1. Here is a list: Asp25, Asp50, Asp86, Asp91. Which entry is surrounded by fewer than 19 Cβ atoms within 10 Å (Cβ to Cβ) and touching a Gly at 6+ places or on another chain (Cβ under 9 Å)?
2. Going by the conditions given, is Tyr35 surrounded by 13 or more Cβ atoms within 10 Å (Cβ to Cβ), out of contact with any strand residue (DSSP E or B) (no Cβ under 8 Å at 6 or more places or on another chain) and assigned by TED's automatic domain parsing to the domain that holds Lys227?
3. Six or more apart or on different chains, Cβ atoms under 7 Å: show the pairs whose first residue is in the range 233-255 and in contact (Cβ under 8 Å) with a residue 40 or more places away in the chain and whose second is surrounded by fewer than 18 Cβ atoms within 10 Å (Cβ to Cβ) and part of a helix (DSSP H, G or I).
4. Residues in the range 180-217 that are surrounded by fewer than 16 Cβ atoms within 10 Å (Cβ to Cβ), basic (Lys, Arg) and in a helix (DSSP H, G or I): how many?
5. Would you be able to tell me the number of residues in the range 246-292 that are of a type outside the set (D, E, K, R), farther than 18 Å from Gln235 by Cα and either outside any loop (DSSP other than H, G, I, E, B) or at pLDDT below 85 (or both)?
6. Consider only pairs whose beta carbons are under 7 Å apart and that are at least six residues apart or on different chains; among these, list those whose first residue lies in the range 268-292 and is in the same structural domain as Val236 (by TED's automatic domain parsing) and polar (S, T, N, Q) and whose second residue is modelled with pLDDT of 85 or more and outside any loop (DSSP other than H, G, I, E, B).
7. Would you say Ile160 is in contact (Cβ under 8 Å) with a residue 12 or more places away in the chain, within 30 Å of Arg287 (Cβ to Cβ) and assigned to a helix (DSSP H, G or I)?
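The values are calculated or read from the model by the stated rules, or taken from the named source; none is laboratory data. Fair warning: this is a prediction, and the values are worked out from it, not measured in the lab. Neighbour counts run over all protein chains shown; Cβ positions are idealised from the backbone, glycine included.
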Amino acid sequence: MEHYPVLHREVLQFFKPIKEGYIVDATVGGGGHSYILLKNLPDIKIIGIDKDEYALERAEERLKEFKGRYQLVKSSFKDIDRILDDLKIRDVNGFLFDLGVSAFHLKTERGFSFQREEFLDMRMDRTQHLTAYEVVNRYPKNLLEKIIFEFGEEKFAKKIVKNIIEERKKKPIETTKQLADIVYRSYPPALRRGRIHPATRTFQAIRIEVNNELSEIKEGVSKAVEKLNKGGIIQVISFHSLEDRIVKNIFREAKKLKKLEILTKKPITPGEEEIKENPPSRSAKLRVGKKL
């Protein structure tokens, strides 16, 4: 079965009024959303950005039938202004951000998932130095607690970090399985078998720290609002409350300054049908704005 990107029907619907010019897919990933946009909006062009080399290879393969209508750029979307200036592109009619870790990242043996035993890496950009291994084994107790509590919204952060510190004194914590086991043991027995694995929030928190995700979202989405043409559409899909809160605040501020009309009073979430065909989409939230 073909894997469709999250909320693809809704994303296409909001971009339908865009008849020409550029849409920036700021998180091009494997090219899923870009493919649907290029196929259904025959006069638009795509600038696809990703800091992951592997993602760009996948996107190139996926989009090749539209040669000449897209450009792929290896970079972080926080530099969206510089990227567009370098490409001498001034007219952008749409921006799309699909935040978080994509389905294929979980299969790349880079330690994003605790379902398999892999080295604690979690880098989206493999040229950067900071890895999950460094965070888990070298960060001081207070900082580790802060990251897991704030970025993971994990109420057992103190206990988890206490156990991480004890474990790493004996030997380095090198794999996803070692870390997941420590977190599992840190949970009260009655809560170990919930709907989500106890390690989910800790892994999310460490991934956010490694990839500097929250400050990049703030910077990238704010710059996109500025770069958007009058009447242009910005769409942001987030997967947890910290991301969504940042986006909501940027949109509200832009509305206050009369730069943006918010088209989604409440964020749009996937319907039952989509959740059935793509269970990880259940936590997705889409916010949409139109440049004034």
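1. Asp91
2. Yes, satisfied.
3. Short answer, once both residue conditions are applied: Phe239/Ser283; His240/Ser283; Leu242/Leu214.
4. Residues meeting the conditions: 1.
5. Summing the residues that are of a type outside the set (D, E, K, R), farther than 18 Å from Gln235 by Cα and either outside any loop (DSSP other than H, G, I, E, B) or at pLDDT below 85 (or both) in the range 246-292 gives 4.
6. Matching pairs, first to second residue: Thr269/Lys285.
7. no
Conditions (1) crowded, with 19+ Cβ neighbours inside 10 Å; (2) of a type in the set (Asp, Glu); (3) outside any loop (DSSP other than H, G, I, E, B), marked per residue:
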{"residue": "Phe114", "(1), (2), (3)": "yes, no, no"}
{"residue": "Thr127", "(1), (2), (3)": "no, no, no"}
{"residue": "Val136", "(1), (2), (3)": "yes, no, yes"}
{"residue": "Asn142", "(1), (2), (3)": "no, no, yes"}
{"residue": "Lys155", "(1), (2), (3)": "no, no, no"}
